[in-house]
Amino acid sequence: MKYAQENIKPYNGNGEKREQVEQMFDNIAPTYDSLNHTLSWGIDKSWRQKAVNIVKGFQPDTILDIATGTGDFAILMGKQICPDQITGIDISEGMMQIARKKVEKEGLTSMIRFAKEDCTALSFSDDSFDAATVAFGVRNFEELDKALREIHRILKENGHLIILELSTPKSFPIKQLFRIYSKVALPLIGKLISKDRSAYTYLPKTIQAFPQGEIMKGIIATAGFREVSFKRLTMGICTLYTATK
């Protein structure tokens, strides 16, 4: 099934969405971390911590961090969970180049490695990982259903999926304030800092179009997962999903 956000592309033109998303993240990689913290007022750090606490409870030895970006979530898991291996994957080499430097600085190179992968056609064998995580990247998937099935395939039996994703608040007045912020302030600040207005116009559109809550829960279940649940964070600005294979 095709979802609304899968038709949204960062730039004009006929290129595939995957190619455009890769280009976009390569473009904004140098300013991505500072922009994330600025645009979320630093609240994104508490969201990541809540997700890490969930992963830690499962005590995984092997973790696949999908859409790893600049590696913040992988590093946080490495420090607090200390698994045998974390594999961070992304389509943007520009983002992962920054991630590798951060991992080296933290002294975690023996635990965390990175690889360029397409989440709809992963190179890993069946039943390879105890847990799979996606922090703020699932809405950029070009084929959500196919990617979720691939994640299900590479997880071990009773393995866990943890997704952290931005969402649109439902209640007044945060819903209206969030709409104004995402449509006006976010693209403007993004342009000033990253010099790429298209990226920070594209990202709010994907948040609004992405399936959320009960709908997303159903999509995850359809991909083969059980015990699917979700929790809204900070008045619905972010949603944390968990599921088991």
Packing rank of 48-54, 101-107, where each peptide gets the mean count of other beta carbons within 10 Å, highest leading: 48-54, 101-107
Summed residue charge, Cβ within 10 Å of Ile8's Cβ, Lys/Arg positive, Asp/Glu negative: +3
Phi to ³J(HN,Hα) by Karplus 6.51 cos²θ - 1.76 cosθ + 1.60 over the range 135-146, Hz, x for Gly, Pro: 10, 6, x, 5, 6, 8, 5, 6, 10, 4, 4, 5
Per-residue ³J(HN,Hα) for the range 205-219, Karplus 6.51 cos²θ - 1.76 cosθ + 1.60, θ = phi - 60°, Hz, x for Gly and Pro: 5, 5, 4, 5, 8, 6, x, 10, x, 4, 5, 5, 4, x, 5
Inter-label distance for Asp127 and Arg113, nm, one decimal - labels placed 7 Å from Cα along Cα-to-Cβ: 2.2 nm
Burial order of peptide ranges 84-95, 233-244, 120-131 (average beta-carbon count within 10 Å, highest first): 84-95, 233-244, 120-131
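What FRET efficiency comes out for Asn36 versus Gln59 if R0 is 45 angstrom and r is the Cβ-Cβ distance? Round to the nearest 0.05.
On the way: r = 28 Å, r/R0 = 0.63.
E between Asn36 and Gln59, to the nearest 0.05, is 0.95.
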Amide H within-cut-off set for Asp127, under 5 Å, with H built and near neighbours excluded: Ile154, Leu155
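At 1.4 Å probe size, with every protein chain present, just tell me what the per residue accessible area of the range 3-112 comes to in Å².
Ligands and nucleic acids excluded, the result is 46 Å² per residue.
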Net charge of Cβ neighbours under 12 Å - reference Val103; Lys, Arg +1; Asp, Glu -1: +2
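Summing Lys, Arg as +1 and Asp, Glu as -1, what charge do residues with Cβ under 12 Å from the Cβ of Thr239 carry, Thr239 excluded?
Here the charged neighbours net out to +4.
Based on the mean of other beta carbon atoms within 10 Å per residue, what is the order of 68-75, 213-220, most packed first? Display every interim value, and only then the final one.
On the way: 68-75: 25.1, 213-220: 16.2.
Answer by packing, highest mean first, reads 68-75, 213-220.
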Cα gyration tensor shape of the range 1-45, rounded if a/c is under 1.5, else prolate or oblate by comparing a/b with b/c: oblate
Options [x] 53; [y] 40; [z] 34 - which one matches percent of Cα pairs over 26 Å apart as calculated here: [z]
Pairs from Lys116/Lys217; Lys45/Lys116; Lys79/Lys105; Lys105/Lys191; Lys2/Lys50 whose Cα-Cα separation, in the structure shown, is over 19 Å: Lys116/Lys217; Lys45/Lys116; Lys105/Lys191; Lys2/Lys50
Karplus (6.51, -1.76, 1.60) ³J(HN,Hα), θ = phi - 60°, over the range 41-48, in Hz, Gly and Pro reported as x: 6, x, 5, 4, 5, 5, 5, 4
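Could you give the accessible area per residue of the range 119-188, probe 1.4 Å, as a whole number in Å²? Kindly include the intermediate steps, with their values, before the conclusion.
On the way: 2980 Å² over 70 residues.
In whole numbers, the range 119-188 has 43 Å² accessible per residue.
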Heavy-atom accessible surface of the range 101-245: percent carbon and sulfur, 1.4 Å: 55 percent
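Let's test the formula: R0 of 30 Å, r as the Cβ-Cβ distance of Asn7 and Glu157. What FRET efficiency results, to the nearest 0.05? Could you put the intermediate results ahead of the total?
Details: r = 35 Å, r/R0 = 1.16.
So the FRET efficiency works out to roughly 0.30.
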Cα pair distances of the range 42-119 binned at 10 Å [whole percent]: 20, 53, 26, 0
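The values are calculated or read from the model by the stated rules, or taken from the named source; none is laboratory data. As the structure is a computational prediction, the values presented were derived from the model and not from experiment. All Cβ positions, even for glycine, are placed from backbone atoms using ideal geometry, and neighbour counts span all protein chains on display. Remember, those area values only see protein heavy atoms, side chains included, never the ligands or the DNA or RNA. Shrake-Rupley method; radii C 1.70, N 1.55, O 1.52, S 1.80 Å.
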